[in-house]
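Before any comments, here is the structure.
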Amino acid sequence: MTGRTGVLAGIGAWLPPDLVTNADLADRLDTSDEWIRRRTGIRQRHAVPAGMAASDLAVEACSRALKSAEVSQVDAVVLTTSTPDRPLPATAPAVAARLGLGTVPAFDVSAVCSGFLYGLAVASGLVAAGTADRVLLVATEVYSSIVDPLDRSTAVIFGDGAAAAVLRAGSADEPGALGPVVLGSDGEFGDLIRIPAGGSRQRVPLEPGDEYFRMAGSEVFRHAVNRMSEACRQAVTAAGWQLADVERLAAHQANARILGALGDELGLPPGHVLSNIDTVGNTGSASVPLLLTQAAADGRVEPGQRVLLTAFGGGLAWGATTLTWPAVPALGPSEHPSRRD
């Protein structure tokens with residue numbers, strides 16, 4: 001199995017139908033469109049309608065990724081989410097079954113907003129080990145189910161969405177081959193991003209709001225920029241690149257100010273820093289693959305360009321990796337995959 005590595009063979013994304021604008025939030029949260037845009041860079045985000053769950057978004061995104069890769073079968077499914085359909089079982093097996101993938105191994109990865117980077121490491125590792133020749137990786141988030149609708153600090157930021165990628169076995173010198181994946185965590189700061197209730201440590205809310213997502217925004221900002229910039233430098237070095245070689249940065253869409261600070265820290269021109277946060281908000285682990293899908297679909301990322309990926313989230317956890325963008329179709333939310341038997 002020497003030399004096997006994960007190669008991006010297809011990518012797709014899906015956004016739920018309900019659109020929530022800043023105007024929709026302004027009265028309820030005693031804020032304004034101007035305040036939200038200035039603080040976050042967001043003007044709208046998507047939300048699921050009643051009855052729609054993370055697996056529903058995942059199936060749509062996976063269908064598009066499979067069509068992009070021109071395949072109907074994979075050897076494993078890896079799903080990343082902070083908002084699973086249920087505490088157990090994992091959401092991935094249900095997604096695999098609905099896609100008609102049979103009894104392939106399917107499991108969830110929990111790394112909050114860094115989930116897709118962690119998932120890339122896992123999926124590429126399955127390929128490198130010879131366990132799988134083709135892996136479907138999907139990040140799906142329904143943050144509207146965990147965000148306090150009355151908390152202005154979080155309700156304006158997060159949106160729902162899903163994106164998926166197909167990795168196939170290939171060689172490190174191919175376009176689309178993942179570079180070394182740099183990962184890190186620091187549990188000493190785990191309380192900066194958390195949901196207090198719902199786990200074995202605190203099963204039920206002890207205080208009002210314990211069931212909702214909480215975040216210490218200013219502290220998270222500092223850690224996000226420092227950790228992502230450090231991971232990016234490590235990933236670029238591990239790939240044998242220089243920062244000057246990076247033509248596109250696809251970073252977790254946490255906040256427009258974080259993106260700007262990260263680009264400045266890495267010395268990248270503003271035009272090299274991809275963003276879609278204004279139209280979709282922070283979609284958690286789905287943000288990096290959703291951004292890549294949309295950017296590839298509209299020509300902001302082109303085959304042959306050197307792309308740096310990075311994310312940061314609760315845990316604290318972070319990651320980064322590199323790839324040269326391949327010539328694969330990117331199927332976004334408006335694309336309709338052909339019916340699967």
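For the reader, a short list of remarks on this structure follows.
- The residues of the range 19-52 include none that are in a strand (DSSP E or B), buried (at least 16 other Cβ atoms within 10 Å of the Cβ) and free of Cβ contacts under 8 Å to residues at least 40 places away in the same chain.
- Residue in the range 250-264 that is under 22 Å from ALA330 (Cβ atoms) and either without any contact (Cβ under 8 Å) to a residue 60 or more places away in the chain or surrounded by fewer than 21 Cβ atoms within 10 Å (Cβ to Cβ) (or both) present: yes
- When SER153 is tested against the conditions (1) modelled with pLDDT of 95 or more; (2) over 17 Å from the mean Cα position of the chain (by Cα); (3) not acidic (Asp, Glu), the lone failure is (1).
- Close pairs from the range 231-245: first in contact (Cβ under 8 Å) with a residue 12 or more places away in the chain, partner aromatic (Phe, Trp, Tyr), Cβ under 6 Å, at least 6 apart: ALA231/TRP318
- Residue count for the range 5-17 satisfying the condition of being in a strand (DSSP E or B) and either surrounded by fewer than 16 Cβ atoms within 10 Å (Cβ to Cβ) or hydrophobic (A, V, I, L, M, F, W, C) (or both): 6.
- Boolean, LEU266 is modelled with pLDDT of 95 or more, under 20 Å from ALA317 (Cα atoms) and in contact with a His (Cβ under 8 Å, 6 or more places away or on another chain): no
- Residues that are of a type in the set (A, V, I, L, M, F, W, C) and either farther than 23 Å from LEU66 by Cα or free of Cβ contacts under 8 Å to residues at least 40 places away in the same chain (or both), drawn from the range 114-155: ILE146, VAL147, LEU150, ALA155
- Selection status of ARG86, surrounded by 24 or more Cβ atoms within 10 Å (Cβ to Cβ), out of contact with any Asp or Glu (no Cβ under 7 Å at 6 or more places or on another chain) and basic (Lys, Arg): no
- Selection over the range 48-71 of residues that are touching an Asp or Glu at 6+ places or on another chain (Cβ under 7 Å) and hydroxyl-bearing (Ser, Thr, Tyr) gives a count of 1.
- Residue in the range 146-157 that is closer than 21 Å to THR81 by Cβ and not in a loop (DSSP other than H, G, I, E, B) present: yes
The values are calculated or read from the model by the stated rules, or taken from the named source; none is laboratory data. Fair warning: this is a prediction, and the values are worked out from it, not measured in the lab. In this analysis, Cβ positions are derived from the backbone assuming ideal geometry, glycine residues included, and neighbour counts consider all displayed protein chains.
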